[in-house]
Amino acid sequence: MTAAAIEPAMQKQPAEQSPARQALRRLVKRRSAMLGLAVVLAFVALAVFANLVAPYDPTEADWGALRGAPSIEHPFGGDELGRDVLSRVIFGARASLSAGVISVLLALLIGIPVGLLSGYAGGWLDGVIMRFTDAMLAIPFLILAIALAAFLGPSLTNAMIAIGISAAPIFIRLTRAQVQSVKTEDYVEAARAVGNPPWRIAIRHILPNIWPALMVQATLTIASAIIAEASLSFLGLGQQPPAPSWGSMLNAAKDFLTQAPWMAIYPGLSIFVVVLSFNLLGDGLRDALDPRHRG
């Protein structure tokens with residue numbers, strides 16, 4: 001075959017896309033993941049622009065709306081002090097989403113380096129790290145978070161620290177398992193053969209290839225962290241009144257479930273929708289980043 005005949009045939013072949021772009025295309029095709037992403041972005045926008053979106057000051061009392069039913073002036077009704085429930089739900093998104101994201105970032109900052117060290121070094125160091133990790137995993141996540149938050153003191157910052165430390169063992173174990181599965185690959189052996197130091201191999205060659213699994217786990221853990229923050233706030237260990245938080249709103253609403261059920265419905269529904277959206281997004285990311293789903 002002549003070069004003139006080969007050139008048109010080569011031009012008809014589509015250019016091979018990068019793995020990231022292929023994963024993005026697979027993610028876009030999953031409607032449930034896109035729905036979850038849209039809802040998450042909507043709540044993030046509400047939290048960021050809460051000062052512009054909320055119709056009232058979330059801490060301002062209106063005695064005329066004391067446990068008032070939903071109306072045109074107060075679409076979600078009023079709480080036990082006459083504060084607008086809609087405004088408090090919008091501002092409460094800041095506390096819940098911040099706690100979810102920041103606590104998971106803290107867990108990643110702890111879990112990834114320790115997991116990399118444990119998985120790559122191996123030996124007695126791996127044994128010590130994993131026995132300590134197993135001991136932490138033996139304690140239920142929420143129980144450990146409550147104990148740490150009670151020890152640190154009631155505040156949103158301490159609640160985020162407690163949740164982050166409680167979630168760190170999940171990422172230590174996952175990172176270690178991923179490192180052990182890829183550290184014997186040919187590209188790692190090649191990097192070691194040309195004289196790269198262990199820290200460079202771990203950061204430049206291993207970490208980028210295990211990052212997709214960590215990203216999926218982080219997305220799913222944010223949902224658990226939001227529930228944990230709501231639980232801590234419900235128990236008085238998270239966001240402190242009068243600052244709004246979905247968990248503290250549920251704590252205040254528990255005494256008025258028959259007289260003013262809307263005080264519990266809307267913050268509870270917000271937690272449900274956000275957690276479900278993060279789970280849908282995490283499932284979509286897992287399917288999109290899994291090579292077995294390339295078809």
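Only the coordinates and a few stated rules stand behind these numbers; no lab work does. Please read these numbers as outputs of a predicted model, since none were measured by experiment. When we count neighbours, we look across all protein chains shown, and the Cβ atoms used for this are built from the backbone with ideal geometry, even at glycine.
Observations, loosely collected:
- Per-selection Kirkwood Rh - the stretch 180-274 (Cα, Å, 1 d.p.): 16.8
- Between the helical axis of 141-152 and the longest alpha-carbon principal axis of the chain there is an angle of about 60 degrees.
- Distance from the stretch 260-277 to the stretch 185-234 (C-alpha centre basis), Å: 32
- Neighbour-count ranking [beta-carbon atoms within 10 angstrom, fewest first] of LYS183, LYS254: LYS254, LYS183
- Residue among ALA162, ALA218, ALA54 with the largest mean-square fluctuation in a Gaussian network model of the chain, springs linking Cα atoms under 10 Å: ALA54
- Seen against the Cα atoms of the chain and their longest principal axis, helix 156-182 is set at about 20 degrees.
- Computed from label points 7 Å out along Cα-Cβ, the spacing between ALA69 and LEU137 is 5.3 nm.
- Just so you know, the Rg over Rh for the stretch 65-194 is 1.24, from Cα atoms, with Rh as the Kirkwood radius.
- Highest-first packing order for the peptide set 110-120, 38-48 is 110-120, 38-48, based on the mean count of other beta carbon atoms within 10 Å.
- For the residues ILE129, ILE226, ILE90, a GNM of the chain with alpha-carbon springs under 10 Å puts the largest fluctuation on ILE129.
- Residue-averaged [θ]222 nm for the chain, counting only DSSP H segments that reach four residues, each worth -39500 (n - 2.57): -23500 deg cm²/dmol
- GNM on the chain, alpha-carbon springs under 10 angstrom: the most fluctuating residue among GLN259, GLN240, GLN217 is GLN259.
- Taking every alpha-carbon pair in the stretch 136-233 and binning the separations at 5 Å intervals from zero gives 2, 12, 20, 16, 13, 11, 10, 8, 5, 3, 0 percent.
- Calculated translational diffusion coefficient of the stretch 82-135 (37 °C, 0.692 mPa s; Stokes-Einstein with Kirkwood radius over alpha-carbon pairs) equals 237 µm²/s.
- Rounded to 10°, Cα long-axis angle of helix 31-48 versus longest principal axis of the chain: 50
- Within the chain, all pairs of alpha-carbon atoms sorted by distance into 10 Å bins from zero give the percentages 6, 22, 26, 21, 13, 7, 3, 1, 0.
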